[in-house]
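So the structure is just underneath, and the comments pick up after that.
The values are calculated or read from the model by the stated rules, or taken from the named source; none is laboratory data. For clarity, every value in this text was computed on a predicted model and none was experimentally measured. Every residue, glycine as well, gets a Cβ built from its backbone with ideal geometry; the counts of neighbours run over all protein chains shown. The accessibility values were calculated without ligands, DNA or RNA, using every heavy atom of the protein model including side chains. Shrake-Rupley method; radii C 1.70, N 1.55, O 1.52, S 1.80 Å.
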Amino acid sequence: MSTLKRAKRTAFVDTSLCVACGCCKRVCPMNAISINKGIFALVNPEKCVGCGKCAKECPASVITIKENNYEN
């Protein structure tokens with residue numbers, strides 16, 4: 001049985017400023033982003049590898065890549 005390792009970095013969305021345009025979702029290579037009720041983007045930390053493509057693509061600049069505080 002294999003154990004998944006979590007990424008050392010993960011994308012975080014400031015949901016209070018997100019406009020749910022979907023740009024981040026379109027560029028995510030891991031399909032880790034969904035648009036929640038058409039209101040804001042939501043990142044699945046189990047799928048996110050912290051590559052930063054979503055943060056670069058976000059026209060509102062509301063996505064940041066943060067270091068995780070747990071052990072793999």
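Remarks
- Residue count for region 14-39, restricted to those that are touching a helix residue (DSSP H, G or I) at 6+ places or on another chain (Cβ under 9 Å) and of a type in the set (G, A, S): 2.
- The set of residues from region 7-30 being over 9 Å from the mean Cα position of the chain (by Cα), in a loop (DSSP other than H, G, I, E, B) and not small (G, A, S) comprises K8, D14, T15, L17, C18, V19, C21, P29, M30.
- Subset of region 62-72 that is out of contact with any strand residue (DSSP E or B) (no Cβ under 8 Å at 6 or more places or on another chain) and open to solvent by less than 100 Å² (accessible area, probe 1.4 Å) - its residue that is modelled with the lowest pLDDT: N72
- Complete set of residues in region 40-56 that are in contact with a Ser or Thr (Cβ under 8 Å, 6 or more places away or on another chain) and either part of a loop (DSSP other than H, G, I, E, B) or open to solvent by 70 Å² or more (accessible area, probe 1.4 Å) (or both): L42, N44, P45, C48, G50
- Failed condition for P59, given (1) modelled with pLDDT of 95 or more; (2) surrounded by 11 or more Cβ atoms within 10 Å (Cβ to Cβ): (2)
- Cross-chain or 6+ apart pairs with Cβ under 7 Å, region 14-40 first and within 12 Å of A55 (Cβ to Cβ), then part of a loop (DSSP other than H, G, I, E, B) and not aliphatic (A, V, I, L, M): C23/C58; C23/P59; C24/C58
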